[in-house]
């Protein structure tokens, strides 16, 4: 698969960008010192206090705190951060047609990664993955097609397997709802009870999904420290993040008086962090400050792959048939502007696409660091292995 411009598929970057909202359900947090400089045994390298770079695959990750609540009952608190992890696209195999209306199945294509690009990850979310290529119903791979992943607020993802069910090649025939497919792709109901899942990565997470005939399925995620996260809990106004003593922070999706949608993190003392989405490329994150003041962080956005001369790619099918595709639209953070009480200085992000640079397609190329100086310090990002941009 190649981009329309002189850019190989490998250059699409395996850099991931996650913009997440860190909801802390732990009562005690280890305070990590500023990142060290240099190469670590794990391959991480840091140029400033906001990023890590993996020298094995070139991934760049940012972490910029933008708002938080003081500790509440038993130390429970909520903190909001912007996370960036630079893998912009994932791939799958599906049907495609060329300009002559010749069509094939199993052509590799790109879609915007649900855990990549800039995003607010302010809640835990279930993601159902489908087998990326279709098979005949006579093949067990034709009905063993589901995998379940939980995306965390910090941008990490954890895969789960259903208890009591066998997989075929890593995929299962049953959905979290209890519905699914039997042999020869026949629709069936496996259970009307609660589906139980366990994480596969030694994180000791347990997930229970309740069966309902229609509507979103309520679920509860149990953490090793005794905390839990609930979705669609009776009596709740949104997702709840509990500690081991049943103290909680609630994530609410609301509409403000000005008509703008907002996400609101509320603790049991009524304190909240609010993220207002204006719809005009500007978000406001408000959190309580000292002496009754409100701290407002501003995040501005811009399009990063809307240029007509480099917004496509192509892939080959069988017999070297070329199929052309348009890239999914991506937006990126332009600036993160600190509250006026903190000087109002900004992190400013630049992207490879903006200046005709095809390496690191659509990724952050540099960051200007917040400062009162006219000539602001800047970190630039590029990483080559054997002449290939990672």
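Of note:
- Cβ crowding within 10 Å, taken as a proxy for footprinting-reagent exposure, orders 62, 361 from fewest neighbours to most as 62, 361.
- Likely footprinting exposure, 207, 110, fewest C-beta neighbours within 10 Å first: 110, 207
- Exposure proxy ranking, count of Cβ atoms within 10 Å, fewest first, for 64, 282: 282, 64
- q = 0.17, 0.18 Å⁻¹, the stretch 226-353: log10 I(q)/I(0) [Debye, one scatterer per Cα]: -1.01, -1.06
- Expressed in units of 2.2 N^0.38 Å, where N is the residue count, the Cα radius of gyration of the stretch 182-225 is 1.45.
None of the figures in this text is laboratory data; all of them are computed from the coordinates on show. Remember, predicted model here, so these are calculated numbers, not experimental data. In this analysis, Cβ positions are derived from the backbone assuming ideal geometry, glycine residues included, and neighbour counts consider all displayed protein chains.
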